[in-house]
Amino acid sequence: MVIFSPAALAQTPASAPVTQAQISALQQAVVNAQSAGDNAWMLVSAALVLLMTGPGLALFYGGLVRKKNILGTMMQSFAMMGLVTIIWAICGYSLAFGHGNAFVGGFEHLFLRGVTLTPNTDYAATIPEQTYMVYQLMFAIITPALITGAFAERMKFSAMAVFLSLWSVFVYCPMAHMVWGVGGLLNSTGGHIPSLDFAGGTVVHVTSGVSALVTCIFLGKRIGYPQTNMPPHSMVLSFIGACLLWVGWFGFNAGSALGASPLATSAFINTHFAAAAAALGWTIAEWIHNGKPTALGAISGAVAGLVAITPASGFVQPFPALLIGLIAGAFCSFMVFEVKSRLRYDDSLDAFGVHGAGGTLGALLTGLFATSAINSIYGKGVPTGAIDGHWGQELNQLAGVGIAWSISIVGTLVLLFVVDRVIGLRVSPEQEAEGLDLSQHGEEGYDLNS
Amino acid sequence: MLKIEAVLQPSKLDAVKDALLEAGIEGMTILEARGHGRQKGHTEFYRGREYTVDLLPKVKIELVLLDDLKEKAIQAIIGAARTGRIGDGKIFVSRIDEAIRIRNDERGETAL
């Protein structure tokens with residue numbers, strides 16, 4: 001259908017007939033206009049998602065460690081911004097989004113071959129494929145960076161760089177392909193087990209959170225944990241970081257609509273609502289549990305809500321989003337307060353408690369609340385989630401979560417074993433006492449006497 | 001000559017300093033310190049974990065003065081630093097054998 005704007009009509013005198021060439025030109029102008037709008041939003045979204053890693057996550061995690069480890073912790077996130085970018089250009093994008101089999105992409109886009117400024121209609125028909133590629137790159141960056149929270153304050157920089165680089169190739173890329181890639185096993189449009197994951201609940205948060213748990217158990221506790229006090233050294237930095245994460249998450253979730261569409265609006269609102277409700281959920285749980293509402297509790301809750309709404313953001317109505325947030329805040333605080341201390345693992349900055357637990361919860365609640373009224377992914381009026389009457393979706397969600405857990409556990413264990421043999425994962429006890437800033441980087445985060 | 005050392009709440013430093021100047025005591029040394037008395041610090045909660053912080057920030061004032069200024073100085077400190085609550089701090093008084101001005105090797109009370 002062609003819509004005549006007044007400007008277009010003005011070019012055609014009323015007496016002369018409209019030519020085919022003019023109609024084609026008009027059609028092209030309409031396509032260009034949509035592409036311009038969508039591309040603008042997607043480039044902004046890509047920048048917002050990068051903002052989540054640096055400085056968002058770097059500040060959030062950096063403030064939670066002791067002051068002798070702040071640079072080491074921030075460098076772990078920053079290193080991902082560099083390393084994963086290079087890996088993505090060489091093979092990551094191809095392994096995630098190339099045509100391969102049900103489990104991993106092929107090699108046709110190695111070195112970004114064929115990734116041009118024209119759209120790839122498999123993924124996003126209105127934006128240049130390079131925009132899609134760079135947007136997905138930002139997800140690939142933050143995912144391994146999230147894991148660093150579990151092994152904070154005790155891993156060698158070299159081992160971290162090698163482990164997480166390999167992890168992004170052998171765990172992230174296959175998982176991204178299975179969920180989002182053409183022909184992927186869990187792809188919601190055309191996969192064998194159509195599993196709903198709008199913005200990466202399983203791909204990003206379950207994989208990183210579960211791998212975080214595996215890593216912190218494999219590596220062992222920090223020396224002195226839990227007898228010694230290891231309180232956060234700067235709640236202010238963490239606070240700023242969490243607020244930047246919240247803002248960046250609009251790019252993460254609303255950007256996953258892959259265009260400046262009404263669906264992006266829906267994801268934007270759901271994201272915000274869930275973060276707000278989860279901040280409340282965690283705060284109430286903590287107030288009851290410990291007697292005081294803390295700043296760290298409020299911001300941790302907001303992040304937990306953002307994690308949980310990620311898979312659901314483009315599938316649910318605003319009120320279920322509030323509910324998902326509220327449940328996630330309470331559930332993740334329980335994981336952090338009770339489960340971690342009972343099971344005695346040292347997930348230093350709660351990467352599993354927030355991302356693994358929140359991501360798993362979010363994936364299951366997505367199956368419950370997804371509705372065709374927001375996103376008719378299975379066709380107009382075809383029930384989507386359990387709330388529409390399609391209870392089978394919960395089984396698909398379970399399968400998605402199960403596969404994400406499995407590939408994360410196996411992949412992470414194998415990679416840790418190899419890297420430990422070749423490089424050694426942990427710093428020496430002396431270096432751990434001295435802190436990562438000095439022992440790994442020869443710098444100090446704070447030199448207030450200089 | 002006497003040395004008066006007073007450990008105070010950091011928030012009371014300005015009031016104590018002003019009170020001492022008003023009492024005619026001109027020289028003083030201020031140290032930022034950490035410590036605890038009988039109240040034994042406080043507890044903090046981070047993600048449900050309880051941390052005991054037993055060394056709290058304090059300031060310490062050191063004065064060396066003539067014997068007859070002792071009561072005046074003590075009253076000035078107490079007047080400015082007392083809230084009546086636990087943690088107000090303590091004052092210690094001790095004898096000083098000698099004082100030397102580095103600039104000109106002046107000795108004794110005139111060096112103060």
Q: Please report the Cα spread of the range A:352-422 along all three principal axes, rounded to whole Å, starting with the longest.
A: 55, 22, 17
Q | Helix-derived mean residue ellipticity, 222 nm - over the protein assembly as shown, DSSP H n ≥ 4, -39500 (n - 2.57), to 500 | A | -16000 deg cm²/dmol
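In percent, how large is the relative contact order of chain A, given Cα pairs closer than 8 Å and 6 or more residues apart?
Numbers: 938 pairs, mean separation 93.0, N = 450.
After rounding, I find 21 percent.
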Q.
Can you give me the C-alpha center-to-center distance between the range B:16-70 and the range A:170-188, rounded to a whole angstrom?
A. 61
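When A:Arg66, B:Arg82 are ordered from fewest to most other Cβ atoms inside 10 Å of their Cβ, what list results?
The most exposed by this proxy come first: B:Arg82, A:Arg66.
Please tell me the relative contact order of chain B in percent, rounded to the nearest whole number, where contacts are Cα pairs under 8 Å and at least six residues apart. Write out the running numbers ahead of the final one.
Values: 178 pairs, mean separation 46.2, N = 112.
Relative contact order, chain B: 41 percent.
Specify whether the C-alpha gyration tensor of the range A:299-394 places it in the rounded, prolate or oblate class, a ≥ b ≥ c being the square roots of the eigenvalues: rounded for a/c under 1.5, otherwise prolate if a/b is larger than b/c and oblate if not. Walk me through the intermediate numbers first.
Numbers: a/c = 3.13, a/b = 2.46, b/c = 1.27.
Taking the square roots of the gyration eigenvalues as a ≥ b ≥ c, the range A:299-394 is prolate.
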Q: Would you please name the GluC sites (Glu not before Pro) within the range B:81-112 that are DSSP coil residues with at most 11 other C-beta atoms within 10 Å of their C-beta?
A: B:Glu98
Q | Pairs from B:Lys40/B:Lys72; A:Lys68/A:Lys340; A:Lys292/B:Lys90; A:Lys156/B:Lys58; A:Lys67/B:Lys17; A:Lys221/B:Lys58 whose Cα-Cα separation, in the structure shown, is over 28 Å | A | B:Lys40/B:Lys72; A:Lys292/B:Lys90; A:Lys156/B:Lys58; A:Lys67/B:Lys17; A:Lys221/B:Lys58
Q.
Stokes-Einstein diffusion coefficient for the range A:246-356 at 37 °C in a medium of 0.692 mPa s, Rh from the Kirkwood formula over Cα pairs: what value in µm²/s?
A. 237
Q: May I ask you to sort A:Val247, A:Val115, A:Val179 by Cβ crowding, counting other Cβ atoms within 10 Å and putting the fewest first?
A: A:Val247, A:Val115, A:Val179
Q | Inverse of mean 1/r across different Cα pairs in the range B:1-108, Kirkwood, Å | A | 15.4
(Q) Rounding to the nearest 10 and keeping the result within 0 to 90°, find how far the Cα-based axis of helix B:70-81 lies from the longest principal axis of chain B. (A) 30
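List B:Ile86, A:Ile217, A:Ile141 from most exposed to least, where exposure is judged by having the fewest other Cβ atoms within 10 Å.
Numbers: B:Ile86 9, A:Ile217 18, A:Ile141 26.
Least crowded to most crowded, the residues run B:Ile86, A:Ile217, A:Ile141.
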Q. Alpha carbon centre of the range A:235-294 versus the range A:14-41: separation in Å?
A. 39
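Under the definition of partner shielding as Cβ atoms of other protein chains within 10 Å of a residue Cβ, what is the mean value for peptide B:48-59?
Working: counts 15, 9, 2, 5, 1, 2, 1, 0, 0, 0, 0, 0.
Mean number of neighbouring Cβ atoms from other chains: 3.
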Q: Starting from the amide H of A:Ser376, placed 1.01 Å from N in the peptide plane, find each other amide H under 5 Å away whose residue is 5 or more places distant or on another chain.
A: none
Q. So who's got an amide H within less than 5 Å of the one on A:Gly385, skipping anything under 5 residues away but keeping other chains? H placed 1.01 Å off N, in plane.
A. A:Ala370, A:Thr371, A:Ser372, A:His390
(Q) With θ taken as phi - 60° and the coefficients 6.51, -1.76 and 1.60, list the Karplus ³J(HN,Hα) couplings across the range A:116-127 in order, rounded to whole Hz; mark glycine and proline as x. (A) 10, 8, 8, x, 9, 5, 4, 10, 8, 7, 10, 10
**Q.** For the range A:97-226: relative contact order, % (alpha-carbon pairs under 8 angstrom, 6 or more apart)
**A.** 28
(Q) Can you give me the long-range amide H partners of B:Leu56? Hydrogens built in the peptide plane at 1.01 Å from N, cutoff under 5 Å, separation of 5 or more residues or another chain. (A) B:Gly35, B:His36
**Q.** Per-residue HN-Hα couplings for the range A:272-280 [Karplus 6.51, -1.76, 1.60; θ = phi - 60°; Hz; x = Gly/Pro]
**A.** 5, 4, 5, 4, 4, 5, 6, 4, 5
Q. Which whole-Hz couplings ³J(HN,Hα) result when phi for each residue of the range B:9-17 is put into the Karplus expression 6.51 cos²θ - 1.76 cosθ + 1.60, θ = phi - 60°, listed in order with x for Gly and Pro?
A. 5, x, 5, 9, 4, 4, 5, 5, 4
Q: First obtain the Kirkwood hydrodynamic radius of chain A from its Cα pairs, then insert it into the Stokes-Einstein equation at 25 °C and 0.890 mPa s, and state the resulting D in µm² per second as a whole number.
A: 109
Q. Can you give the Rg to Rh ratio of the range B:1-41, both from alpha-carbon atoms, with Rh computed by the Kirkwood formula?
A. 1.01
Q.
Using only the alpha-carbon atoms, how far is helix A:157-167 inclined from the longest principal axis of chain A? Give it as 0 to 90 degrees, nearest 10.
A. 40
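For the range A:30-129, just say rounded, prolate or oblate: build the C-alpha gyration tensor, square-root its eigenvalues into a ≥ b ≥ c, call rounded for a/c under 1.5, and beyond that prolate if a/b exceeds b/c, oblate if not.
Here the range A:30-129 falls in the oblate category.
Every read-out reported here was derived from the displayed coordinates using simple, explicitly stated rules and does not represent laboratory data. Source: prediction; values computed, not measured. Heads up, the Cβs are rebuilt from the backbone with ideal geometry, glycines too, and the neighbour counts pull from every protein chain shown.
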